[in-house]
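Coordinate-derived values only; no laboratory data. These figures come from a predicted structure and were not determined experimentally. When we count neighbours, we look across all protein chains shown, and the Cβ atoms used for this are built from the backbone with ideal geometry, even at glycine.
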Amino acid sequence: MAAVLTVVCSLAAAADVTQPCVTGSAPFRLTKRQATKLLLDQERPVYPPLASINYIYGKVQLLVTVNCQGRVQQVHVLSGHPFLAVAALRAIRNWIYRPFETKRGRAAFQTRVNVNFSLLSRDIKDFPPDSEKFLAHSVHPPQAPREAADAPEAGTVQMRVLVSAKGRAMDSVFLSGTPAQFRKARKIVAHWHFKPARWGNLAVPWYLEVGVPVDAEPSRDPELSKRAQP
């Protein structure tokens with residue numbers, strides 16, 4: 001099983017790292033075609049075995065922010081099955097771009113990336129119907145830590161969190177609140193350790209909607225402060 005990407009690696013030469021960077025402005029928005037021309041190296045995502053055996057396939061759409069040195073600074077999942085989204089996130093975080101040049105110097109940019117996971121060796125006519133729904137019914141969703149369970153309804157930000165199989169927040173989507181509250185909530189959730197979702201005896205990545213108390217302080221537990229790799 002292979003993951004087919006909608007972007008093509010460009011073999012452009014590495015740029016001079018001494019060029020100045022534009023600061024104090026929002027990242028430029030580049031089209032997929034413009035960003036692809038800057039792509040120097042792309043790690044291919046690994047098709048998750050659990051997705052394959054459960055006939056899970058399809059597109060993951062991501063918003064990628066690249067800094068002025070051409071390194072991926074942030075990746076955000078816009079849509080996609082959690083099994084596939086985790087695989088795409090892990091790969092794209094290691095992509096390398098040629099710096100985006102402007103008249104004022106190098107600048108950060110954002111672009112959208114589509115990763116298409118296809119079960120190439122199987123005939124879609126042989127797939128069981130509603131495979132995603134069948135899997136969802138078999139998965140016990142993740143559970144938030146006590147900080148979320150004890151949070152009052154007032155003063156919370158509603159988020160959808162992509163929880164890894166190790167119980168870490170890999171990504172989050174803003175559902176309600178203000179942008180400033182969401183930025184604070186993301187920092188708080190980064191210190192949380194969730195009880196991961198389970199498919200049978202296996203821990204699996206899954207989405208969870210949770211209310212985050214924005215007045216809470218991140219945990220100072222040294223074990224939680226060590227951001228384990230999701």
(request) Filter the cross-link list LYS37/LYS103; LYS133/LYS187; LYS32/LYS103; LYS37/LYS166; LYS166/LYS187; LYS59/LYS133 down to pairs whose alpha-carbon distance in this structure exceeds 24 Å. (result) LYS133/LYS187; LYS37/LYS166
(request) For the range 64-146, report the translational diffusion coefficient in µm²/s to the nearest whole number, using Stokes-Einstein at 10 °C, 1.306 mPa s, and a Kirkwood Rh over Cα pairs. (result) 99 µm²/s
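When CYS68, CYS21 are ordered from fewest to most other Cβ atoms inside 10 Å of their Cβ, what list results?
CYS21, CYS68
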(message) Using amide H atoms built in the peptide plane, which far-off residues or other-chain residues are under 5 Å from VAL212 H to H?
(response) VAL157, GLN158, MET159
(request) Order these peptides, 175-182, 188-195, by their mean beta-carbon neighbour count within 10 angstrom, highest first. (result) 188-195, 175-182
(request) For the range 2-120, just the Cα atoms, rotate onto the principal axes and tell me the three extents in Å, largest first. (result) 50, 27, 19
(request) Please report, largest first and rounded to whole Å, the three semi-axes of the ellipsoid equivalent to the range 44-87, where each semi-axis is the square root of five times an eigenvalue of the C-alpha gyration tensor. (result) 25, 11, 6
